[in-house]
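Where a number appears in this text, it was derived from the coordinates with a stated rule and is not lab data. Here the structure is a predicted model, which is why all the values come from computation and not from measurement. Glycine also receives a Cβ, built like all others from the backbone with ideal geometry; neighbour counts cover every protein chain displayed.
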Amino acid sequence: MVDYIVDGNIAVLEINNPPVNALSIHVREGLLTGIQKANQDGSVQAIVIIGKGSTFPSGADIREFGKPPKEPWLTAVGEAIEASEKPVISALHGTALGGGLEVALFSHYRIADERSRVGFPEVKLGLLPGAQGTIRLPRLTGLAVAMRIITSGDHINAPEALKYGILDKLISGNLLQEAKTFAKSVIGKPLDNRRLSKIAVRDAATVDKHFDEALAEVKRKYKGMIAPVNCLKSIRGSAKLPFVEAARLEAALFRELLTSAQSAALRYSFFADRSAPRWKLPSGASIENTKPDIIKSVAVIGAGTMGSAIAICFIRVGIPVLLVEQNDKLLQNALKNIGQILQGSVKLNRITADQRKQSLQILRGETSLDIVSDVDLVVEAVFENLKLKQEIFARLDKICKPSALLCSNTSTLDIDKIAVATNRPGKVAGMHFFAPAHIMKLLENVYGTHTSPSTVATIMDIGKRIGKVSVLVRTCDGFVANRMNRMVGNEAVFMLEEGALPQDVDRVLEDFGMAMGPFRVTDLSGSDVGWRIRQERAKEQGIQLTYETRFVNGERYSSLPDRLYELGRYGQKTGKGWYRYEKPFARTAYPDPEITDVINSHCRSLGIERRVIPPQEIIERCLFAAINEGFKVLEEGVAEKPENIDIIWQYGLGFPRYRGGPMFYASQVGLKTIYERVCYYYDAFPHSSYWAPSDLLRKLASHSTEVPIDQWTSKERSRL
């Protein structure tokens, strides 16, 4: 794992643990042995640590996560490096992250390839750099920079690292040769002033000021997360305490995080991220045995807000787009809006002016469907109306070349009902983008009964190309995101009828960690959208909805959202919705006494007696209802595994990553508790059939011990 090579008077410790040279037990053993051997070899006068292949160590070995740590600890290895009587030079290339950067900080000198990056991503796993990273980095960078780097978890490039004092030199040529040359230049020089444990934090006198400012910032940016706060506490200790005591404090804070529920959730999320893009169909087709088609051009049908944003997703990665809208005025407005959005990205330094220009050069607006005959992929993004979508797909089927994929951005409609309008059901799938599509990372890809494996492979591949987190689900009404989130919306509105106000529900769920409460989300997307969907469904069923409607087909129904629509309160776009806004499209939501009056009047007219609804009930009714539905999604095979559900909620619905997702959260609460509360609410609200307990949840809850979440898959379910 670590090759020991002597070249003249230089010992090279070359870490050889592909693909990322992770600091596994064997690497740690090899480094420790190598340092000891080099110090005992009289011919060796300096030591170089370097990674073989594409990178310096990129951190811990993820295969060791969740397992008891084995000696030697990285700290012990690092202290041996620092104690070396011969200069140790870390030569960085690729990424030196986490433990990799800590190895470099134990070394006496650090040089790096100009293209390398460094950082401490541990905070994203709910941890802190536990091998003295929080007390060594401030000695090089000063407190403010160290606090920003460690609490953000972001990478910084080599030139920045040089500027901050993390690196001693940048290398543009052969790194190993330059490292040997550098090593020879420092032979015989004093090492005490190169040992970070012997150096004071230069701005220690102002540590309290830096701490207070950074604490306010992390509480704003990382609301509810404990790891960034512990990082700051440890960095503060680096300036206030003697080095040995600061190291003890760091170790204690690290242990506190390691055993925390938040770190468990974040580490689960880390693996879920890597699991979600890996797909397998019931037929046995999978990512491993199916080749995607090559997509060189795309047509987007519908130039509204969603269609325009979808077009941006493709053109900014160099894929030409035909944007089709039947109304030329709407089309020209869309093209102008796309240009403005891209200009905003330039101002935010997300893209360059040249990249904006190149993106707009491969965007073409048209008012005729006939123009899309030669594209490889069509994404339909018109209003959520099944008949309209069927008409469009029938026309596309005749216009497009036989190899073209026809995809719908539908958020709820069954893909099979859309595919039936074509003679190519194997080429039809769903690509459900989340608004705003050019910003939100989730892409919920949907396969139907007849969708071919190559079509699935292609939409998953194209999702990756445009920078999305792609998750594959099977078609059904609402798929995963909207099917489960519908329960949150239903219960939230029902609780308004029973005694809560919008700000009560939103505050509880936002304190739980949700990015936005359900009523703020509705105001953002527009209550008119939901109204149209409800009216369409009622029309299909031959139902006339009125303010007095309490039940639809035996299911509880609330007309409160319909009252808002009739009052013209569509949300942010009109300056009034469930909240009041200072002007249309303003973002700050203010509780509105008019809404309180609307709710009270609604309840009086229907004879509903209101009561106080405690926060715990709000959590349970919103989240437990969704969790119960999530188990039904697993039962039916709509989602292959619970990790897919949790990733969808994290990236599409703003579920706090440090809670893992609704399914992981259920495992933390305890499935028996979840099941008992679901049964309680099913008895309390018999006209909300979604409270009927999932059979899978019942079976899992009946076990004497909790069933691990990785055993909730279809394979494991068959054994229950």
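Across all directions, the average projected area of the convex hull around the alpha carbons of region 114-154 is 3.1 nm². At the listed q of 0.13 Å⁻¹, the Debye profile of region 233-314, built from one uniform point per Cα, gives log10 I(q)/I(0) equal to -0.76. Expressed per residue, the C-alpha convex hull volume of region 515-606 stands at 100 Å³.
Projected label points at Ile294 and Arg148, each 7 Å from Cα along the beta carbon direction, are separated by 4.4 nanometres.
Of interest is the spacing of the C-alpha centroids, which for region 308-354 and region 29-95 amounts to 48 Å. Could you give the angle, 0 to 90 degrees to the nearest 10, between helix 328-347's Cα long axis and the longest principal axis of the Cα atoms of the chain? Helix 328-347 and the main axis of the chain meet at about 20 degrees. Taking Cα atoms only, the orientation of helix 305-315 departs from the longest principal axis of the chain by about 40 degrees. P(r) tail for region 2-259: Cα pairs beyond 31 Å make up 19% of the total.
Taking 0.36 nm per residue of sequence separation and removing the Cα-Cα distance, the Arg532/Ser702 pair yields an extension gain of 57.0 nm.
Pairs of lysine in region 16-156 with Cα under 29 Å and at least 8 positions apart or on different chains: total? Lysine pairs, 8 or more places apart or on different chains, close enough: 10.
Ellipticity at 222 nm from helices only: DSSP H runs of n ≥ 4 in the chain, each -39500 (n - 2.57), divided by the residue count, give -14000 deg cm²/dmol.
At the listed q of 0.16, 0.17 Å⁻¹, the Debye profile of region 615-717, built from one uniform point per Cα, gives log10 I(q)/I(0) equal to -0.64, -0.73. By the Stokes-Einstein formula, at 0.890 mPa s and 25 °C, region 295-354 with its Kirkwood radius over alpha-carbon pairs has D equal to 207 µm²/s.
The calculated pair-distance distribution of region 298-475 uses every alpha carbon pair, bins of 10 angstrom beginning at 0, and gives 11, 41, 36, 11, 1 percent. When the charge dipole of the chain is built from unit charges on Cβ atoms (+1 for Lys and Arg, -1 for Asp and Glu) and taken about the Cα centre, the candidate among Leu388, Gln541, Ala158 whose Cα reaches farthest toward its positive end is Ala158. Of the peptides 644-656, 107-119, 529-541, 74-86, the order by per-residue mean of other Cβ atoms within 10 Å, starting with the highest, comes out as 644-656, 107-119, 74-86, 529-541. DSSP assigns beta bridges within region 2-259; of those with both partners inside it, close to 30 percent run antiparallel. Angle of helix 502-512 to the longest C-alpha principal axis of the chain, folded into 0 to 90 degrees and rounded to 10: 30°.
Computed packing ranks the peptides 663-676, 425-438, 551-564 as 425-438, 663-676, 551-564, most packed first, by mean other Cβ atoms within 10 Å. What the Cβ-Cβ distance of Ile362 and Ser185 gives, at R0 = 45 Å and to the nearest 0.05, is a FRET efficiency of 0.35. Shape descriptor for region 572-616: Rg over Rh equals 1.11 (Cα atoms; Rh from the Kirkwood inverse mean 1/r).
Extension gain, Arg610 to Ala684, is 25.1 nm, computed as 0.36 nm per intervening residue step minus the present C-alpha separation. The residues Phe479, Phe182, Phe56, when put in order of fewest to most other Cβ atoms within 10 Å, stand as Phe182, Phe479, Phe56. Of the beta bridges in the chain, as assigned by DSSP with both residues counted there, near 30 percent are antiparallel. Taking only the Cα atoms of the chain, the ratio Rg/Rh comes out at 1.01, with Rh defined as the Kirkwood radius. Each label point was placed 7 Å from the Cα along the Cα-to-Cβ direction; for Arg220 and Trp73 their separation is 3.6 nm. Within the shell of other residues whose beta carbon sits under 13 angstrom from the beta carbon of Asn9, the net charge comes to +1, with Lys and Arg scored +1 and Asp and Glu -1. The simple spin-label model puts a point 7 Å past each Cα toward its Cβ; for Thr673 and Ser403 those points are separated by 5.5 nm. Using 0.36 nm per residue and subtracting the Cα-Cα separation, the extra length available between Lys387 and Thr588 on full extension is 68.6 nm.
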